[in-house]
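Following: one structure in structure tokens, then a few remarks.
The values are calculated or read from the model by the stated rules, or taken from the named source; none is laboratory data. All values reported here derive from a predicted model rather than from experimental measurement. Methodologically, a virtual Cβ is constructed for each residue, glycine included, from the backbone with ideal geometry; neighbour enumeration extends over all protein chains shown. What goes into the accessible areas is simple: the full protein's heavy atoms, side chains included, and nothing from ligands, DNA or RNA. Shrake-Rupley method; radii C 1.70, N 1.55, O 1.52, S 1.80 Å.
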Amino acid sequence: RQAAMASEAEQFRRKLGYASVGSPAVENLGRSAALAEQFEPDHPYARKGQILWLRNRGGLDPLRNSVSWERAQWNAQQLEPAYGAANPHIHLYATDQWSNDGAPWARVDWNQIFSDGPAWARLLAGNLNSWLDLFEWWTIHRQSVDGDIGGGWSDDVEILPAFGLMALTLPDSSDLTKLGFQRFSDGIWNSSIIDQQAGFQAQFADVEHVAEPTGNLLHVSALLDYGDPERIERMLKSERTFRDLFLSDPADSPLGHSHFLANMMSSTSIAAGGAFAADLPLSGRVTNPFPFLIWYAGNPGATAPLEAWARSWLADAMRTDNGKPAGVFPNAVWTPTDGIGLLDGNWWGEDASHGQFSSMPTYQWYPYSLAGFFHSWTGDPAFLQPFDAVQTLTTAWIGAGQPVSGATPTPGQEDVWAGGALKATAVGAISNIRLLTGSAINGSYLNNFASGYAKLLLNPTSVAPLAALQGPANQLIAKWPYKTTEGVMTDRILEPGWADVISYYIGADVLATYFGMPAQAASWGNTTRLFAAAVTAAGPDRLDASLYLFSPATRTIDLRLWQLRPGFDYVLQAGPAAGLGLAPSPVTQSFQFTQARRGDAVSLELPGNTQYAVQIRPRFPLPAPLLPPGPQPDLAINARDLAFDAG
């Protein structure tokens, strides 16, 4: 009977939209469903089983946009009249109202703490701290000694990069968040999930999931412990597997291209020559860390295979086979023939029978970020062609009245359809290109589609772009209990737009940075969490930032610089400012420094409760950069490599 009920629970799970198999969340849902159904109505555990069921069902979808959530709320509302006053979980699910003794779901109201100071600073600091609170909660209450946080390696791997990116922003102001990320990153590396020699997942699976343990983590881990040789070695091992196992031989390609042999693989095998012999934009999840590896030291052995893959995708984007508009990255390339699309020539849609589960443009940010990286790295203008194309296509879509792009383009209207489908997909990559190169490309596209941080860069004195942060902040506050103890599905506790606040602090579009464009300009040390920063200009020859410290005392803070060109002298000027994005007036601090190495920090005095501005410029005009940059020294040493010998 229990087996029959477990089978029924699995049917419910499938109908309610969660497709992952074998995770603790699915097991919990199945167990609670079986438990709830095996008790007669008068059994003393009948209500207990129902409550467990609705909590697990609701926990599968803390975003509350599926039938799973609706069913949980309906169940709770049936129980609310009789039991809501006695059981806070029933009352929470039925009414969205929670009250208890403050533990463990107490939430700090940062809006009250940041009640003074300029509005832009209050919004940034309150938003950032709310997310740090959430990630610290999970590190404290849910992380196991092995490093996972309750969903198992397969689930947790999608949310943990959020911990790392938040920790990068204020690296010594939330040690718990960094600890949680690195403990997970080390835990999964030392688990049975990873083949440590190959630097890749040991189990055979589709590229969407097999790439997550390395592609989602290795580069973030290396940024947090910059120069740690073990973190670099992990990326090197992963890239070697990409080069030696996953990539096709250009000699076997009709066009001389280098593509993934297939989209199903493991650390030791790949499904070449069968139904999965297609390269996808989603294959970029495998390569996510490799631009950081190249940026770190310019290792030519790492650069060559990734650049060959990027140039193959660039060439495919410029082709017009099967009616595909020029400049559009197709949704698949059939590797044996270099055919655009899958075997039926469909360049835009999905086909699960060939390992492709999402239609365009769900994962196009990977090739956009890769093209943006290689343009900034090599200076080759050919890598700008996809960005010029998206501007042209979206302009055509706007000119056609912005029709809704359905699942299938109308023959003869492929350009308009693609423009509507792509819309804002390339905003982050274009914004980061402009920061990294100082160019002004694709301004009309950004004016049409940029929001949030990219919009601020277009108009650095406007506070309007920061309004985009309020939606995710409000949702996090409203759903706080669901995001903490009630969050069963750990890969679903984030809100869309959660990362945008980080962009203001680091001076780059954070998601395009994460997806393969090392563009972060700054991180901030010794600030405490009572601190807001909005980088309003950044690049290899400049940094402008507006700062605010929510504390009365002056504090010495460290500004760690990631994009200024090393080996040159710079001048830092700082002082009070009248508003966001404005220059210091008067200049109260001014000093010269040499940027010896990437990531070195300069210290400055930040007065408390004062709207402050920092500007950095070269002491003398910089010479034209050498592109691509030559190989750089590998720091090659970390604190744990040192030992004290008393003799």
### Task
Kindly check whether there is at least one residue in segment 201-217 that is aromatic (F, W, Y) and touching a Phe, Trp or Tyr at 6+ places or on another chain (Cβ under 8 Å).
no
### Task
Evaluate segment 571-581: report whether one residue or more is out of contact with any His (no Cβ under 9 Å at 6 or more places or on another chain), under 20 Å from L435 (Cα atoms) and modelled with pLDDT under 95.
no
#### Entry: Pairs where the first residue, in segment 590-606, is at positive phi and the second is at pLDDT below 95 and surrounded by 13 or more Cβ atoms within 10 Å (Cβ to Cβ), C-beta under 9 Å, 6+ apart
G599/Y226; G599/G227
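Looking at T362, T408, T395, which one is assigned to a helix (DSSP H, G or I), among the β-branched types (V, I, T) and open to solvent by 50 Å² or more (accessible area, probe 1.4 Å)? Walk me through it before giving the result.
Numbers: T362 fails: assigned to a helix (DSSP H, G or I); T408 fails: assigned to a helix (DSSP H, G or I).
T395 is the lone residue from the list that is assigned to a helix (DSSP H, G or I), among the β-branched types (V, I, T) and open to solvent by 50 Å² or more (accessible area, probe 1.4 Å).
Can you say whether A211 is of a type in the set (G, A, S), more than 12 Å from F290 (Cα to Cα) and touching a Lys or Arg at 6+ places or on another chain (Cβ under 7 Å), as far as the supplied structure shows? Working first, answer last.
Details: of a type in the set (G, A, S): yes; more than 12 Å from F290 (Cα to Cα): yes; touching a Lys or Arg at 6+ places or on another chain (Cβ under 7 Å): yes.
Spelling it out, A211 is indeed of a type in the set (G, A, S), more than 12 Å from F290 (Cα to Cα) and touching a Lys or Arg at 6+ places or on another chain (Cβ under 7 Å).
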### Summary
Turns out the helices (runs of 4 or more DSSP H) fully within segment 102-164 with at least 1 residues that are farther than 27 Å from F515 by Cβ and open to solvent by 30 Å² or more (accessible area, probe 1.4 Å) are 110-113, 119-141
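Wholly within segment 1-92, which helices (runs of 4 or more DSSP H) include no fewer than the required count, namely at least 1 residues that are open to solvent by 70 Å² or more (accessible area, probe 1.4 Å) and at pLDDT 70 or above?
Numbers: elements: 2-15, 24-38, 46-59, 67-83.
Result: 46-59, 67-83.
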### Task
Kindly indicate which of R560, R617 is over 28 Å from W110 (Cβ atoms), assigned to a strand (DSSP E or B), at pLDDT 95 or above and open to solvent by 70 Å² or more (accessible area, probe 1.4 Å).
R617
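Here's the yes/no breakdown for (1) free of Cβ contacts under 8 Å to residues at least 60 places away in the same chain; (2) of a type outside the set (D, E); (3) surrounded by 19 or more Cβ atoms within 10 Å (Cβ to Cβ); (4) in a loop (DSSP other than H, G, I, E, B):
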position	(1), (2), (3), (4)
G412	yes, yes, no, yes
V416	yes, yes, yes, no
G420	yes, yes, yes, no
L435	no, yes, yes, no
S462	no, yes, no, yes
L476	no, yes, yes, no
S503	yes, yes, yes, no
L511	no, yes, yes, no
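G273: in contact with a helix residue (DSSP H, G or I) (Cβ under 8 Å, 6 or more places away or on another chain) and of a type in the set (G, A, S), yes or no? It would help to see each step written out before you state the result.
Numbers: in contact with a helix residue (DSSP H, G or I) (Cβ under 8 Å, 6 or more places away or on another chain): no; of a type in the set (G, A, S): yes.
No: the conditions fail for G273.
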### Task
Give the residue that is farthest from A167 (Cα to Cα), with candidates limited to residues of segment 521-575 that are of a type in the set (S, T, Y) and in contact with a Leu (Cβ under 7 Å, 6 or more places away or on another chain).
Y570
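Are any residues in segment 522-552 aliphatic (A, V, I, L, M) and either buried (at least 24 other Cβ atoms within 10 Å of the Cβ) or over 23 Å from the mean Cα position of the chain (by Cα) (or both), and if so, which ones?
Listed by number, the residues that qualify are L530, A532, A533, A534, V535, A538, L543, A545, L547, L549.
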